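These notes concern the structure reproduced below.
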Amino acid sequence: MCHAREWLIEPGQREWGRCYFIVTEHPVEGVIREGRVLKGKERPRIDIFVENSEPTPRATFVFEAKRFYPKSDETKYVGEEGLGTLLNGTKGRQDRAAGMLGYVQVGSIPAVKLAVEAKLTGDRTAHGLDPSGEVWTQVSLDARIPATFVSRHNRTSGLPPLAVYHSFLPCCAAALPASPSTP
C-alpha cells in the first residue's frame with residue numbers, strides 16, 4: 001500500500017494523480033443481510049478505496065483483491081467474496097468501473113489469467129457478460145504493472161453496468177516475468 005501512495009506523489013506524476021488519496025480496509029455502510037443492516041466489524045470492507053479530493057461529487061474507485069496460493073483459486077476470485085461483491089453492489093454500488101487485483105503467490109500470471117478467463121467464459125450469464133465475444137480485452141495502464149484486462153458486466157437490480165479492470169501482480173518468484181539471459 002505504501003508503494004501506491006509513493007506512486008501518487010512521486011516527482012513527474014501526472015497532474016490527475018495529485019487529486020487522489022488511497023485508503024485500505026474501507027468499511028461499506030448500509031449493507032443489509034438477512035433483513036438487518038450490518039454494523040461494526042460485520043460490515044464488508046473494500047480492500048483498496050481510491051477517492052478524488054476535489055469537491056463533491058467525489059469520484060471513487062474500489063479494488064477487490066484476492067490471493068492465488070495453494071488454498072485459494074480462481075473460484076474465490078470470481079465468486080461471491082471476490083468479483084461477486086462488485087457485481088451484486090455490495091462494493092462499488094453506484095460505480096461504473098472497479099478493479100480486481102490478483103496477488104499471484106503460487107504459479108505464473110499467464111496460468112492464473114487463463115484459469116480466471118475460463119471461469120468467466122464458463123458462466124457468462126452469472127457474471128453479466130455478453131453471451132458471445134471476448135470475455136475481456138487487454139489494456140496497459142502503466143509500464144510498471146503487468147498487463148491489465150477489462151471485462152464489461154451488466155448488473156441486475158437497477159445497478160449501472162460495470163467495467164472491471166483485472167490486474168494480476170507477481171507476489172512470488174514463479175510469477176515474475178522471465179529475466180533476459182546473460183551471455
Among the candidates I22, I9, residue that is modelled with pLDDT under 75 and open to solvent by 70 Å² or more (accessible area, probe 1.4 Å) = I9
Go through the stretch 149-164 and count every residue that is buried (at least 19 other Cβ atoms within 10 Å of the Cβ) and either touching a strand residue (DSSP E or B) at 6+ places or on another chain (Cβ under 7 Å) or modelled with pLDDT of 95 or more (or both).
-> 5
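Quick grid of which residues meet (1) open to solvent by 20 Å² or more (accessible area, probe 1.4 Å); (2) in contact with a strand residue (DSSP E or B) (Cβ under 6 Å, 6 or more places away or on another chain):
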residue	(1), (2)
G89	no, no
A98	no, yes
G102	no, yes
S108	yes, no
A111	yes, no
A115	yes, no
Flag for R58 being of a type in the set (K, R), more than 16 Å from the chain's Cα centre (by Cα) and over 18 Å from A163 (Cβ atoms) = yes
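Under the condition of being part of a strand (DSSP E or B) and in contact with a Phe, Trp or Tyr (Cβ under 8 Å, 6 or more places away or on another chain), which residue from the stretch 64-77 is most open to solvent (accessible area, probe 1.4 Å)?
Within the stretch 64-77, the match that is most open to solvent (accessible area, probe 1.4 Å) is R67.
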Could you grab me the full set of residues in the stretch 78-119 that are in contact with a helix residue (DSSP H, G or I) (Cβ under 6 Å, 6 or more places away or on another chain) and assigned to a helix (DSSP H, G or I)?
-> V78, I109, A115, V116, K119
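The values are calculated or read from the model by the stated rules, or taken from the named source; none is laboratory data. This is a predicted model, so every value here is computed, not measured. Note: ideal-geometry Cβ built from the backbone for every residue, glycine included; neighbour counts use all protein chains shown. The area values use the complete protein model at the heavy-atom level, side chains included, leaving out ligands, DNA and RNA. Shrake-Rupley method; radii C 1.70, N 1.55, O 1.52, S 1.80 Å.
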